[in-house]
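Notes follow the structure.
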Amino acid sequence: MSKSSIGIKNVRIIDPYNDIDSVLDILIENGIITNVGKDIFSQVDNRNIVVIDGTDKILSPGFIDLHTHLRDPGEEHKETIETGMKAAAKGGFTTICSMPNTNPPVDNSTTVKYILDESKKFELIQVLPIGCVTKERKGMQISEMWDLKNAGCVGFSDDGDPIYNPEIMQTALQYSEHLGLPVINHCEDTQLSKHSAINEGKISNRLGLSGWPNQAEDIMIARDIELAKKYGGHLHIAHASTSRSVELINDAKNLGVNITAEVTPHHLTMTDSWLLGHQKNTDVFASLGIDAYDSNLKVNPPLRTKTDIYSLLTGLKEGIIDAIATDHAPHAIQDKLTTLDDAAYGINGLETAFTLLASLYHQNMLDIVEIINRLTLGAANIISNSIQKPKGIIKGELADIVLLDLNSDFTVIGKDFISKSKLTPLEGLTLKGKVILTLAKGSIVYEENNN
């Protein structure tokens, strides 16, 4: 892909890698950032450069998603590596970590090589594979973790399922201690969750559904923290969703445990009351809306309560939760067009992540600097032992950037998604905040109205 030449003037650059938050101009020539400063376009010959007016817009380093399900190999009817990469670029992500619950699972170097080779064909964004903790993700036997690291994996997970056996988790953490890569656990005690479709509480009672208690997550996080305290390693908590999880993670960090955590945009912005069918947080006694029992809201872990959201937001602000990750989990329509109990877990996340997060900014619940930090530096730090840490928006670097408009309306229309999956519980909602332009490795990989 050819390298891009472009200028942006009067744009607010928020760059957590270099602690920059200032209105500046930026010049990119043949993919390289050649100048960053004040009034640079009055000093250079820019006749052959398209200059974008960045007034009231934000320029950030490219986002990093630690948790993307690409479905490829094996479920290419839901997503392919190519469509997932393009959807990520539209969402402002220039690096994504692909989860290993594919078919076959990513438990061997051959499958890792396939993902890396396939992703490089398209010259879009960077794809970093996460390998399985156990062979075939069956939870019985540790995978060849050294081989997976050498093949290019940046972490280990059996995501989609928990690492249920504590002895297996112990061994994985001991390997992690030597390999320097995180063990990413999907924390769910399935004997408590019972694969329920919805959070346990007033809403599940109202809808007549079995509930998934917070304790199903909390108990496994507590177990993993105890193992990490004794055996070391880097423990990473995927998609934290409960108030108690934030407390446990904070306590562990204060004790010196090497623990990090992520939270998703949907767990920060939607509660279980959305299942009453109004596309917003609603009182339990409200009448059911036409979209009640919407299977597009069935996610794992389930949407929780306002109390949990408040704790998660506090965790982000205080640095207890390190990163925001999408848990992009696309599905075909037949996976969701069924009863709530029978529908698949998962939500389309890449193309709506920033818009949902911008809604928190507009409600004065999160500062935009905090949001960008958790999408860039916070995520990069978690996988810093296996990637070269991004250098940010500085002169001499390949442009890996995203241009954001916080104030323009964005109406969510599933059929316009680049992802193969067109399903979303946000269908028809108009929110403020969108991605305008994404450059990865010096090339334009997404441009609004040109994709």
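The values are calculated or read from the model by the stated rules, or taken from the named source; none is laboratory data. Only a predicted model underlies this, so the values are computations on that prediction, with no experimental measurement involved. Here the Cβ is made from the backbone with ideal geometry for all residues, glycine too, and neighbour counts use every protein chain on show.
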Looking at Met99, Met140 in this structure, which one is under 15 Å from the mean Cα position of the chain (by Cα), of a type in the set (A, V, I, L, M) and within 24 Å of Gly233 (Cβ to Cβ)? Met99
With respect to Ala197, determine if the residue is touching a residue at least 40 places away in the same chain (Cβ under 8 Å), touching a Lys or Arg at 6+ places or on another chain (Cβ under 9 Å) and either among the aliphatic types (A, V, I, L, M) or surrounded by fewer than 24 Cβ atoms within 10 Å (Cβ to Cβ) (or both). yes
Please determine whether any residue of segment 396-419 is polar (S, T, N, Q), modelled with pLDDT of 95 or more, part of a loop (DSSP other than H, G, I, E, B) and in contact with a helix residue (DSSP H, G or I) (Cβ under 6 Å, 6 or more places away or on another chain). yes
Pick from Leu316, Leu255, Leu275: which is closer than 22 Å to Leu192 by Cβ and out of contact with any Pro (no Cβ under 7 Å at 6 or more places or on another chain)? Leu275
Given the condition part of a strand (DSSP E or B), surrounded by 14 or more Cβ atoms within 10 Å (Cβ to Cβ) and not assigned by TED's automatic domain parsing to the domain that holds His239, answer yes or no: does some residue in segment 66-80 qualify? no
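One residue is enough: does segment 272-285 have a residue meeting the conditions hydrophobic (A, V, I, L, M, F, W, C), surrounded by fewer than 22 Cβ atoms within 10 Å (Cβ to Cβ) and either under 21 Å from the mean Cα position of the chain (by Cα) or not assigned by TED's automatic domain parsing to the domain that holds Leu429 (or both)? Quick ask: steps written out before the conclusion?
Looking only at segment 272-285, we keep the residues that are hydrophobic (A, V, I, L, M, F, W, C), and these are 274-276, 284-285.
From the residues that got through so far, the ones that are surrounded by fewer than 22 Cβ atoms within 10 Å (Cβ to Cβ) too are 284-285.
Then drop every residue that is not either under 21 Å from the mean Cα position of the chain (by Cα) or not assigned by TED's automatic domain parsing to the domain that holds Leu429 (or both), which leaves 284-285.
Taking every residue of segment 272-285 in turn, at least one turns out to be hydrophobic (A, V, I, L, M, F, W, C), surrounded by fewer than 22 Cβ atoms within 10 Å (Cβ to Cβ) and either under 21 Å from the mean Cα position of the chain (by Cα) or not assigned by TED's automatic domain parsing to the domain that holds Leu429 (or both).
This table checks each residue for (1) free of Cβ contacts under 8 Å to residues at least 40 places away in the same chain; (2) within 16 Å of the chain's Cα centre (by Cα).
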| residue | (1), (2) |
| --- | --- |
| Pro61 | no, yes |
| Asp72 | no, no |
| Lys78 | no, no |
| Asp107 | no, no |
| Leu116 | yes, no |
| Asn150 | no, no |
